[in-house]
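Values in this text are rule-based calculations from the coordinates and carry no lab data. Please read these numbers as outputs of a predicted model, since none were measured by experiment. Glycine also receives a Cβ, built like all others from the backbone with ideal geometry; neighbour counts cover every protein chain displayed.
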Amino acid sequence: MAQQACPFLSIDPSGQDLYGEISRIRAQGAAVEVELPGGVRAWWITGLELNKRLLAGPETSKDAYQHWPAWINGDISRTWPLAIWVSVRNMVTAYGSDHSRLRKPMAAAFTKRRVDAVLPRVQEIVDRALDALERIPEGEVVDLRAAFAAPIPHEVVCELFGVPPGEDGPRAALYRIINRFFDTAISLEDAQANAVDLYGTLTAFLQHKRGHPADDLTTALIAARDEGSLSEQELMDNLILLLTAGFETTVNLIDNTVHSLLAHPDQLDLVRSGRVTWEDALEESLRFEAPGAMSGLRYAVEDIEIEPGLTIPKGDPLVVSFAGAGRDPERHGPDAERFDVTRATSRDHVSFGHGVHHCLGRPLAMAEATVALTSLFARFPRLALADPSHPPKRLRSIISTGHEELPVLLHGREPGPRPQEAEAIRKPSGPGGTRGTRAPRG
């Protein structure tokens, strides 16, 4: 059994060089021990086929309470900044029969009827966001993530779950909390405060929904709880999963696809000409920039032989890297780092999981992104990056893959002002409003 004496590298919690780190890990082997934020060691897996094997089979688990001795014994503090990714009890962190039990009511809640019913509202929400963009004076730099990519999934998921609107209500609170939830460079104090805020908001929301049931997913999950399919903690933690994942991954999918198409005008031309479909562009975006870079920690249920001479010991944590799998040169060729909407292997990725943990929300996320992208580029055919020479700053996360801001010019760089001459970047102060901030100079 081979095991490294020390980690190959310490992972930057801010995720600013995520793909550079993945490349360096990949060069060291199929499974490499790294140090995660907070000093926790784990094995990092980058290959697509090995990712699929570990996602689909029973040899790994996401249940820390059963299969991570360091968590069970208290060697990993409950105050670890990433502890909420381990401590929650939902269908993603469940194993075996518990996973089947928890997934069943979630699948029942995400029926095709419910998803189909919300699709007309998606178009209405998208059109309203585009109308707001049209009111922005030509030449101003707009943060398209904050003004378009984020509000759409937020409103959709809140309508699905019956989260009431209002500046002081749970919808606005969840928008604020989820924006911090995926920040893996957050301080311990801020992480703990955000967790308290999250559970407090959801407790009040569940109390409200019990008094005001409706035809929404939260009411359906409360019914499953009342029937004995879920415990109260499982109800709460599954809501955390569905509200956060249903929001963040779709925001990133829209954000990343827009950025990749604008950064590669030849690829955008292929889509606009009809030579490839918008679905092709989305699948390549999912491969090229997985909206979730990793699946959270998994644990070896038994000794796992990766290859002769390399075994992950039972009980060790490991990271299934969706981002690494998407750019695996063994599957996608030597140009796996290139965005190519005609790529024959684009659909071979694990960005929505794999096997029993395949994401239930994939159809809705793809439908939202398709409506958003087709409508955006139809309304603003000259849409352009504000400054193509400076890539947008990445989110501070090794879990969520997107941009802090996506500065664009809605009507192109000509005849409007140059990016450094723009007066403001427009962005919402929360779900609904807009505010201006000074654009960076230089």
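Annotations
- The Cα atoms of the range 18-438 give a gyration tensor whose axes a ≥ b ≥ c have a/c of 1.5 or more with a/b no greater than b/c, which makes the shape oblate.
- Farthest positive-ward along the range 18-438 dipole, Cα basis, beta-carbon charges - from Ala336, Gly326, Pro137: Pro137
- Annotation: peptides 35-47, 289-301, ranked by per-residue average of other Cβ atoms within 10 Å with the highest first, follow the order 289-301, 35-47.
- Placing unit charges on the Cβ atoms only, positive for Lys and Arg and negative for Asp and Glu, gives the chain a dipole magnitude near 460 debye about its Cα centre.
- Beta bridges assigned by DSSP with both partners in the chain are antiparallel in approximately 75 percent of cases.
- Partner lysines for Lys104 [C-alpha distance under 25 Å; skip if fewer than 8 residues away on the same chain]: Lys52, Lys62, Lys112, Lys209
- Length available on full extension from Arg338 to Arg113: 0.36 nm per residue minus the Cα-Cα distance, which gives 77.2 nm.
- Applying 1/(1 + (r/R0)^6) with R0 = 25 Å to the Cβ-Cβ distance of Ala27 and Ala185 gives a FRET efficiency near 0.50.
- Estimated FRET transfer efficiency (Ala193, Asp266; beta-carbon r; R0 56 Å; 0.05): 0.75
- Given their separation in residues at 0.36 nm each and the Cα-Cα distance between them, Ala204 and Arg121 gain 27.3 nm when the chain is fully extended.
- Rounded to the nearest 500, the helix-only mean residue ellipticity at 222 nm of the chain stands at -14000 deg cm²/dmol, with each DSSP H run of n ≥ 4 adding -39,500 (n - 2.57).
- Across the chain, the mean sequence separation of Cα contacts (distance under 8 Å, 6 or more residues apart), normalised by length, yields a relative contact order of 27 percent.
- Potential extension, His212-Ser389 segment - 0.36 nm per residue separation minus Cα distance: 58.6 nm
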